[in-house]
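Working notes for the structure below.
Values in this text are rule-based calculations from the coordinates and carry no lab data. In this text, all values refer to a predicted model and were calculated from it rather than measured experimentally. Here the Cβ is made from the backbone with ideal geometry for all residues, glycine too, and neighbour counts use every protein chain on show.
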Amino acid sequence: MTTEQTRPEKTRPDKTRTPRTLRGQRVVVTGAAGTFGTRLREDFVAAGARVVGLDLRAVEHDDAPVLACDLTDDDAVPAGVAAAAELLGGIDLLVNNAGVGGPAPAELAPSAEVRRQVEVNLLAAWRTTAAALPHLVASRGRVVFVSSRMAVLPLPLAAAYGVTKRGLVAYADALRLEVGTHVGVSVVYPSMVASPIHSSTADAGLSLQGVSRYEPVEGVVAAILRCATSRRPLRDVPTTRRGRLEMALARHLPAVADRQVRRTIAARVRAGDLDAAPLAAGLVERVGRAR
């Protein structure tokens, strides 16, 4: 694997992707002050949608304000969603974009970092969706979950992120069975995008540099917009052509995908890239013994 840029997934000209207009659509975006969230607000507004964001910190903006809301708080989320719905006059689209990353080896007991990722990446989306569902059912709207390629192609030393993103997919699948007659449910699977979400992992000496391939934020945003504008709800949406291939490999030939990841990690260990990472000590020792 390399870290070269990958190209966004090209739209195929089939009838399920006949564009619907976003003009006048009432959109709520979580994690709206972050890298993806800011770009999403800008692009939705440019397309004529009315947008309100939810994030830990408020952002004053004439076209797309962000309301302060702690998505890990059981009481704050219904109030935040209600405030957004009141400003918009309802909700047609919810984009569950909020997420955090961080180091979490599977061999170690769950830490505060693990619990934080479970709260933000999985339970926050569950809370927000539950609060927004009455509005979405009334409008026959849609909900889009921003998962990760790691939901189907996990990486070592980042178990919490993969677990929470796979759990998010499972939640979306169950939700689709319950409300799919009235609400479209889509999942988007980005790979690695340059953003502060990777900072804590890099600080722990566990950077995904050389393991996961960078892709442009534009491709991720385009995939989300495609979910919002497709004539029929899309189910699982990769963000690049490479992503489509990786997802197919992980689902249909998981042993082959595992071998590829093991070879890449072993090469990093042998190059000494993880020597200064205490959380990787067990992995480093085992790879050393396996030489």
- Just grab the label-to-label distance for Arg57 and Ala276, each label 7 Å out from Cα along the Cβ direction, in nm (one decimal). 2.8 nm
- Karplus-derived 3J(HN,Hα) from phi for the range 82-90 (6.51 cos²θ - 1.76 cosθ + 1.60, θ = phi - 60°), whole Hz, x at Gly and Pro, runs 4, 5, 5, 5, 5, 5, 8, x, x
- Message: Restricting to Cα atoms and excluding each atom paired with itself, what does the Kirkwood estimate give for the range 16-139 in Å?
- Response: 15.0 Å
- Assuming R0 = 45 Å, can you tell me the calculated FRET efficiency for the pair Arg286 and Glu218, based on Cβ-Cβ distance, to the nearest 0.05? 0.70
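List the trypsin sites (Lys or Arg not before Pro) within the range 87-183 that fall in a DSSP loop (any state other than H, G, I, E or B) and whose Cβ has at most 16 other Cβ atoms within 10 Å.
Qualifying residues, ordered by number: Arg140.
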- Give me D for the range 86-151 in µm² s⁻¹, whole number, from Stokes-Einstein with Rh from the Kirkwood sum over alpha-carbon pairs, 4 °C and 1.567 mPa s. 96 µm²/s
- Query: Dipole magnitude of the range 15-252 about its Cα centre, charges +1 at Lys/Arg Cβ and -1 at Asp/Glu Cβ only, in debye to the nearest 20?
  - Reply: 1340 debye
- Full extension from Glu107 to Arg244: what is 0.36 nm times the residue separation minus their Cα-Cα distance, to one decimal in nm? 46.4 nm
- Message: Please compute the modelled spin-label separation between Val137 and Glu178, points set 7 Å along Cα→Cβ, answer in nm with one decimal.
- Response: 1.0 nm
- Task: Normalising by the residue count of the range 15-252, find the relative contact order in percent from Cα pairs under 8 Å and 6+ residues apart.
- Result: 21 percent
- List His61, His182, His252 from most exposed to least, where exposure is judged by having the fewest other Cβ atoms within 10 Å. His252, His182, His61
- Query: Which percent, nearest 5, of DSSP beta bridges in the range 15-252 are antiparallel?
  - Reply: 5 percent
- Round to the nearest 0.05 the FRET efficiency obtained for His252 and Trp126 when R0 = 45 Å and r is the Cβ-Cβ distance. 0.95
- Using all C-alpha to C-alpha distances in the range 220-291, build P(r) with 5 Å bins and read off the rounded percent in each one. 3, 14, 16, 13, 11, 13, 12, 8, 6, 3, 1
- Query: Given the range 15-252, what whole percent of its Cα pairs are spread farther than 26 Å?
  - Reply: 33 percent
